[in-house]
1. Taking the residues in segment B:81-106 that are without any contact (Cβ under 8 Å) to a residue 40 or more places away in the chain and surrounded by 12 or more Cβ atoms within 10 Å (Cβ to Cβ) as candidates, determine which candidate is nearest to the chain's Cα centre (by Cα).
2. Restricting the search to segment A:154-171, which residues are in contact with a strand residue (DSSP E or B) (Cβ under 8 Å, 6 or more places away or on another chain) and of a type outside the set (D, E, K, R)?
3. Give me the residue from segment B:171-188 that is touching a Gly at 6+ places or on another chain (Cβ under 8 Å) and not in a loop (DSSP other than H, G, I, E, B) and, out of that set, farthest from the other protein chains (Cβ to nearest Cβ).
4. Keeping to segment A:183-196, report how many residues are surrounded by fewer than 21 Cβ atoms within 10 Å (Cβ to Cβ), touching a residue at least 40 places away in the same chain (Cβ under 8 Å) and not polar (S, T, N, Q).
5. Hey, among B:ARG35, B:ARG79, which residue is among the charged types (D, E, K, R) and either at pLDDT 90 or above or touching a strand residue (DSSP E or B) at 6+ places or on another chain (Cβ under 6 Å) (or both)?
6. Scan segment A:69-118 residue by residue and report those that are away from every other protein chain (no Cβ under 11 Å), among the hydrophobic types (A, V, I, L, M, F, W, C) and not in a loop (DSSP other than H, G, I, E, B).
7. Kindly provide the set of residues from segment B:126-154 that are without any contact (Cβ under 8 Å) to a residue 60 or more places away in the chain and aromatic (Phe, Trp, Tyr), ordered by number.
8. Filter segment A:217-232 down to the residues that are more than 13 Å from A:CYS51 (Cα to Cα) and either within 14 Å of the chain's Cα centre (by Cα) or surrounded by 24 or more Cβ atoms within 10 Å (Cβ to Cβ) (or both) and list them by number.
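The values are calculated or read from the model by the stated rules, or taken from the named source; none is laboratory data. Small disclaimer: the values here were computed from a predicted structure and weren't measured. When we count neighbours, we look across all protein chains shown, and the Cβ atoms used for this are built from the backbone with ideal geometry, even at glycine.
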Amino acid sequence: MSSVPIPPADQKSGSQGAIRIDDVVKIYDPDGAAVMAVDHCSLDIAAGEICMIVGPSGCGKTTLLNAIAGFHSITSGRIFLDGELLCGPDKPLADPGSDRIVVFQNGALFPWKTNLDNVAFGPLMKGKLGKNEIYEKARGMMADAGLSGAENNYPGEVSSGLRRRVEIVRALMNSPKVLLFDEPYRALDSLTKSVMHEALLEIYYKNKVTIFFITHDLEEAIFLGHRLVIMTTRPCRPKKLLEVDIPHPRDYGVLTSKRFRELMEETSAVVHEEAKKSFAAGEKEG
Amino acid sequence: MSGIERIRKKIFSRSGLRAAVALLAFVVLWEIGSRSKQWLGITLPWVGKIPAPSTVLAVWAGLLGDVGYWQSWLMSLFRVLAGFSAAMLIGIPLGLLMAVSRTFHGITFPSLELLRPIPPLAWVPISIIFWPTQELSIAFVTFLGAFFTVVINVVGGARSIDSRYFQAAQAMGASQWDIFRRVVLPATLPSIVVGSSVGMGITWEVVVAAEMISGGGGSSASGGGLGFFIWNSYVGGSYEQIVVGMISIGIAGYACSEVLRRVGGYLTPWLQKR
C-alpha cells in the first residue's frame with residue numbers, strides 16, 4: 001500500500017508530518033449492534049503531502065480523521081506521526097495536540113472572539129511567547145493570507161469563505177505538522193470554493209505541512225491533491241490510490257487541462273460505484 | 001450625528017411616530033371610555049369604571065412630591081434587585097456546575113425539576129414561616145421567581161455547546177480551566193443573558209404579588225413597596241392611585257429590562273454586530 005517513502009522524523013520543520021495508518025479498525029458499538037466504520041485500513045502519507053481522502057458521505061472517512069486528531073478511539077491497529085505512536089493497542093485514543101489541527105466542516109472559530117483573537121488563541125494557550133509577540137505574528141499571518149481588514153471583526157460578521165481562511169490561519173499559528181480538513185468547503189458555492197482552493201494552495205506553498213483532506217468532491221480532490229485515496233463505502237478502506245501527476249504550483253487553469261479531464265474520467269467511475277453502494281445502504285437503513 | 005439630533009430622528013422616524021400615535025389613541029379612547037357617563041350618558045362596561053387618564057395624571061402629579069410614593073418604588077426595586085442578584089449569584093454557578101459535571105447534574109436535577117413547577121407565590125406562606133423577617137421572606141420568594149429560570153437557561157446553554165469548540169481548544173493546548181473560562185463561559189453567556197432577562201420579568205411579577213399578600217413588610221403604607229401601594233390604594237378607595245401604581249410598575253419593569261438588555265449587549269458584542 002505504501003507508495004511514498006516516509007522521511008525520517010528528525011528532518012527540519014516543513015518536512016515533518018508523515019502519517020502511517022497501520023491496519024486500523026474502528027467498530028462502533030453504541031447499543032450492542034456492532035457497526036464497522038473503518039475496516040483494516042492501511043495508508044502511508046508522506047511529510048508535506050496533500051493527501052485527499054475521497055469517498056461518499058458517511059463512509060467512515062471522518063472516523064479516520066477523528067482517530068488521528070485524538071477525538072475518537074480506534075478498535076485495533078496503529079497510527080504513527082513521524083514514527084511516533086499516536087494510538088495503538090495499549091492506547092486506543094491519541095492525545096489531541098497542536099501538531100495536528102482540524103479544520104472542521106462547519107468551522108470551529110470561536111464566535112465570541114474576534115478573528116485576530118481566534119488566530120492568537122493557540123499560542124496564547126501554550127504561553128511560550130509573549131502576548132505582544134503573539135499578536136504581532138497573528139497580524140502578520142493574517143496579512144499574508146489577505147485577511148488584514150477582518151482582524152477586528154467577529155467571525156459571524158464576515159463571509160463563510162473568509163471564515164475558513166481565518167480558521168486555516170488559526171491552525172497554522174500552532175505550527176502544526178498536519179492539517180486535517182473535514183470537508184471544509186462543503187457548504188460553499190462553487191465560485192467561492194474555487195477561490196478557496198487557490199487560497200489554500202497559496203497558503204500551502206508558503207507553509208509546507210502535511211494535509212489530510214476529506215472530501216466527496218472529486219474535482220476538488222484532483223485539483224488540490226498530490227494523491228487521491230478513494231475509499232470504499234462503510235466500512236471504509238482504501239479502494240484505489242491515484243497519483244495526481246499535475247505539477248504544483250497549480251492554479252485554476254488546471255481544471256480545463258486535458259490531464260485533469262483524464263484523471264476525472266479515470267476516477268469518477270470508481271467513486272460513482274461507491275456512491276451508489278452508499279446510497280443503497282442508506283436506503284436500507286432508512 | 002449629535003445626541004439631540006439622533007433622538008429627534010428616532011422620535012420622528014416612521015416607527016417612532018407610529019408608536020406615539022398608537023399611544024395617544026389609546027389614551028384618548030381610554031379618556032372617552034372613562035368619561036362615557038358624563039359625555040355620552042351611558043357607562044361603558046369595564047372601561048367606564050376606570051379613572052380617566054387625566055385624573056390619574058393629576059393624582060400622579062400630586063404624588064411626585066410625596067416621599068412615601070418614591071419609597072414604594074425604592075422598596076420594590078430593592079427587593080427585586082436583592083432577589084434577582086441572589087438568583088444570579090447562586091443560579092449561574094449552580095447551572096454551570098450542573099452542565100460540567102454529570103454526577104452533580106444527576107444529583108441535583110431531579111429535586112430542581114420537582115421544585116421548579118411550584119409557582120413562587122405558593123412559597124409565600126412557608127417562607128413567612130421559615131424566614132425571621134417579612135423582608136427576607138419577600139426577597140426569598142422574589143429570588144425563587146428568577147432562580148429556576150436562570151438555572152435552566154444556564155444548564156441548557158452550557159450543555160448545547162458544540163463539541164467542535166472543545167476539540168479545537170483542546171488541540172490548541174487549552175487546559176481544562178482555559179476551556180471553562182474561554183469556551184464554556186462565553187458560549188453560555190447568551191443563555192445567561194436570556195435567562196436573566198426572563199428572570200427579571202418574573203421577579204417583578206412576584207415581588208408585587210408578594211407585597212400584596214404579605215402586607216408589604218413595612219409598618220406604614222409608604223414602606224410597603226409598589227405592590228402594597230396598589231393594595232393600599234384599593235383598600236383606601238383611591239382608584240386613581242391604583243392606576244398610578246400599575247403604570248409605575250410598568251415603567252420600573254421596562255427600565256430594568258432595558259438596563260439588562262444594555263448590559264447583555266455589552267457582554268455579548270459578537271451577537272450585536274450582525
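1. That would be B:LEU81.
2. Hits for segment A:154-171 are A:ILE168, A:ALA171.
3. Step one: filter segment B:171-188 for residues touching a Gly at 6+ places or on another chain (Cβ under 8 Å), giving B:171-173, B:187-188.
Narrowing the set further to residues that are not in a loop (DSSP other than H, G, I, E, B) leaves B:171, B:187-188.
Values: B:ALA171: 4, B:ALA187: 7, B:THR188: 10 Å.
Among those residues, the one meeting the criterion is B:THR188.
4. Matching residues across segment A:183-196 total 2.
5. B:ARG79
6. Passing the criteria: A:ILE79, A:PHE80, A:LEU81, A:LEU85, A:LEU86, A:CYS87, A:LEU116.
7. Within segment B:126-154, B:PHE130, B:TRP131, B:PHE140, B:PHE148 qualify.
8. Once the filter is applied, which keeps residues that are more than 13 Å from A:CYS51 (Cα to Cα) and either within 14 Å of the chain's Cα centre (by Cα) or surrounded by 24 or more Cβ atoms within 10 Å (Cβ to Cβ) (or both), segment A:217-232 yields only A:ASP217.
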